[in-house]
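Below is one structure, written out as structure tokens; the observations come after it.
The values are calculated or read from the model by the stated rules, or taken from the named source; none is laboratory data. From a predicted model like this one, the values you see are computed outputs, not experimental measurements. Cβ placement follows ideal geometry from the backbone for every residue including glycine, while neighbour counts extend to all protein chains displayed.
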Amino acid sequence: MKNFLLLSVTLILLTSCSKNNNSSNIPYVPVNIDIYPANPQYNDINVIGGWLYINGGSRGIIIYRYTQDEFYAFDRHCTYQPTDACGKVKMDTDNITLLDTCCGSKFIVVDGSVINGPAGLPLKRYQTYYDGTTLHITN
């Protein structure tokens, strides 16, 4: 009986937490973008730690240059209450976290994980491949 009660409470907590934080509720939008970092319009990602916003995905994409050859790309759609029209993350003033000013959730830019809720799920991450000339971003 004790185990059954513990299992029931655990299931209730898991389902209630995921109700407002289900990343599968973020709309799927096909992404197949090529960026040429050497192009002057992309100057902001020519340095390690550089970042920029581009169009694409559900609510835009943020690209972050982690190393000379490694980039990260995340959808700017906050995972907390994804149907809320306000949830769009932006780079915080520290240049290492992403902030949703509507709900206050913070995410780390190198992996999209939550560092401050109420969001419970990481940001949607896109696949990136850099061949030395072209940055390919896909889902």
Only one of Thr93, Thr134, Thr67, Thr101 that is hydroxyl-bearing (Ser, Thr, Tyr), over 18 Å from Asp44 (Cβ atoms) and surrounded by fewer than 22 Cβ atoms within 10 Å (Cβ to Cβ) = Thr101
inquiry  = Condition first: assigned to a strand (DSSP E or B) and buried (at least 21 other Cβ atoms within 10 Å of the Cβ). Now tell me which residues in segment 40-64 satisfy that.
reply    = Ile61, Ile62, Ile63, Tyr64
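Being touching a Lys or Arg at 6+ places or on another chain (Cβ under 8 Å) and either farther than 15 Å from Ile62 by Cβ or part of a loop (DSSP other than H, G, I, E, B) (or both) is the filter here; which residues of segment 85-101 pass it? It would help to see each step written out before you state the result.
If we filter segment 85-101 for residues that are touching a Lys or Arg at 6+ places or on another chain (Cβ under 8 Å), which is where we start, we get 87-90, 92, 97-101.
Listed by number, the residues that qualify are Gly87, Val89, Asp92, Asp100, Thr101.
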ask   = Between residues in segment 126-137 that are over 11 Å from Tyr36 (Cβ atoms) and touching a residue at least 40 places away in the same chain (Cβ under 8 Å) and residues that are in a strand (DSSP E or B) and of a type in the set (Gly, Ala, Ser), which pairs lie under 6 Å by C-beta distance while being six or more apart or on different chains?
value = Tyr126/Ala73; Thr128/Ala73; Ile137/Ala73
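Among the residues of segment 104-131, which ones are more than 11 Å from the chain's Cα centre (by Cα) and crowded, with 18+ Cβ neighbours inside 10 Å? Quick ask: steps written out before the conclusion?
We begin by selecting, within segment 104-131, every residue more than 11 Å from the chain's Cα centre (by Cα); these are 104-105, 115-120, 127-131.
If the condition is that a residue be more than 11 Å from the chain's Cα centre (by Cα) and crowded, with 18+ Cβ neighbours inside 10 Å, then Ser105, Ala119, Thr128 are the ones that fit.
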query = What pairs come up if the first residue lies in segment 109-120 and is in contact (Cβ under 8 Å) with a residue 40 or more places away in the chain, the second is of a type in the set (Val, Ile, Thr), and their beta carbons are under 8 Å apart, counting only those six or more places apart or on different chains?
reply = Val109/Ile62; Val109/Ile96; Val109/Thr97; Val110/Ile96; Ala119/Thr79; Gly120/Thr79; Gly120/Val114
remark   = Per the list (1) modelled with pLDDT of 95 or more; (2) buried (at least 19 other Cβ atoms within 10 Å of the Cβ); (3) not in a strand (DSSP E or B), residue check on Pro82 breaks on (1)
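Within segment 19-34, take every residue that is part of a helix (DSSP H, G or I) and either surrounded by 14 or more Cβ atoms within 10 Å (Cβ to Cβ) or of a type outside the set (S, T, N, Q) (or both) and give me the one that is modelled with the lowest pLDDT. If you could, list the steps in order and put the result at the bottom.
In the first step, residues of segment 19-34 are kept if they are part of a helix (DSSP H, G or I); the result is 19, 23-25.
Still in the list and also either surrounded by 14 or more Cβ atoms within 10 Å (Cβ to Cβ) or of a type outside the set (S, T, N, Q) (or both): 19, 23, 25.
On the way: Lys19: 36, Ser23: 50, Asn25: 71.
Filtering segment 19-34 for residues that are part of a helix (DSSP H, G or I) and either surrounded by 14 or more Cβ atoms within 10 Å (Cβ to Cβ) or of a type outside the set (S, T, N, Q) (or both), the one modelled with the lowest pLDDT comes out as Lys19.
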inquiry  = Suppose the filter is more than 16 Å from Ile137 (Cβ to Cβ), out of contact with any Lys or Arg (no Cβ under 6 Å at 6 or more places or on another chain) and in a loop (DSSP other than H, G, I, E, B); does Pro37 pass it?
reply    = no
Among (1) under 23 Å from Pro118 (Cα atoms); (2) modelled with pLDDT under 95; (3) not charged (D, E, K, R), the one test that Asn43 misses = (1)
